[in-house]
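Here is the structure we will look at.
Bear in mind these aren't lab numbers, they're just calculated from the coordinates by the rules spelled out. These numbers were taken from a predicted model, which means no experiment stands behind them. FYI the Cβ positions are ideal-geometry reconstructions off the backbone, even for glycines, and counts take in every protein chain you see.
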Ligand code: AMP
């Protein structure tokens, strides 16, 4: 199986690039942000809980997120692989993901980390707010908080994969096609 963690700060292009990777490699896309938003739309109990954190730009608690991710992974019978988009965002999540995949006799193949500097992220998120309809894109304070949470809690997850020799940094600046080509090249190199 090819199991990819697509990593990067908010606005780095994880969603856009995930679509390219799914098409090319036939992977199952699991975006925790998308799953939470679907639950909010469906007014589920999980959605109500997740919304109270997401609207402030905070992380949904680990145990809730891990349980949700586990049940999504278990929905699929003999998949070619997964692309994890927006997960793991903490070391506890990374550990839980390793355990979950180990039970399926597989593991993470690589973490591809899109690297984009902070000012560019803010420009992109502002632009995305005009089309996404996402509350957390529209409010500059919430954007600041998401970037702060990324730097403090999520960025250290890189070390977790670095220690396993699975970390690959990808320049996230340039055209969408150029960035996709960089990702394809990195995957061909595994
Ligand atoms: P995203 O669509 O990946 O930008 O995620 C939007 C929001 O959903 C985040 O700001 C968090 O509030 C929540 N979220 C998504 N994925 C996770 C995760 N792995 N752990 C905790 N919260 C998450």
Practice task
State, as an integer percentage, the relative contact order of the stretch 2-183 based on alpha-carbon contacts under 8 Å between residues 6 or more apart.
Solution key: 34 percent
Practice task
Can you tell me the order of 167-174, 115-122 when each peptide is scored by its average per-residue count of other Cβ atoms within 10 angstrom, highest first?
Solution key: 167-174, 115-122
Handout entry: the chain - mean residue ellipticity at 222 nm from DSSP helices (-39,500 (n - 2.57) per run, n ≥ 4, rounded to 500)
Key = -16500 deg cm²/dmol
Fill in the blank from the handout: Heads up, the stretch 55-109 by the C-alpha gyration tensor (a ≥ b ≥ c square roots of eigenvalues; a/c under 1.5 rounded, else a/b over b/c prolate, else oblate) looks prolate
Completion exercise
Projected convex hull area of the stretch 1-52, Cα atoms, direction-averaged, in nm², equals 4.5 nm²
Completion exercise
Quick calc, residue 158 & residue 44: beta-carbon distance into FRET formula, R0 41 Å, rounding 0.05, result 0.80
Fill in the blank from the handout: Ranked output for segments 144-156, 37-49 by mean other Cβ atoms within 10 Å, highest leading, reads 144-156, 37-49
Handout entry: Coordinate range along principal axes, alpha carbons of the stretch 2-183, Å, largest first
Key = 43, 40, 29
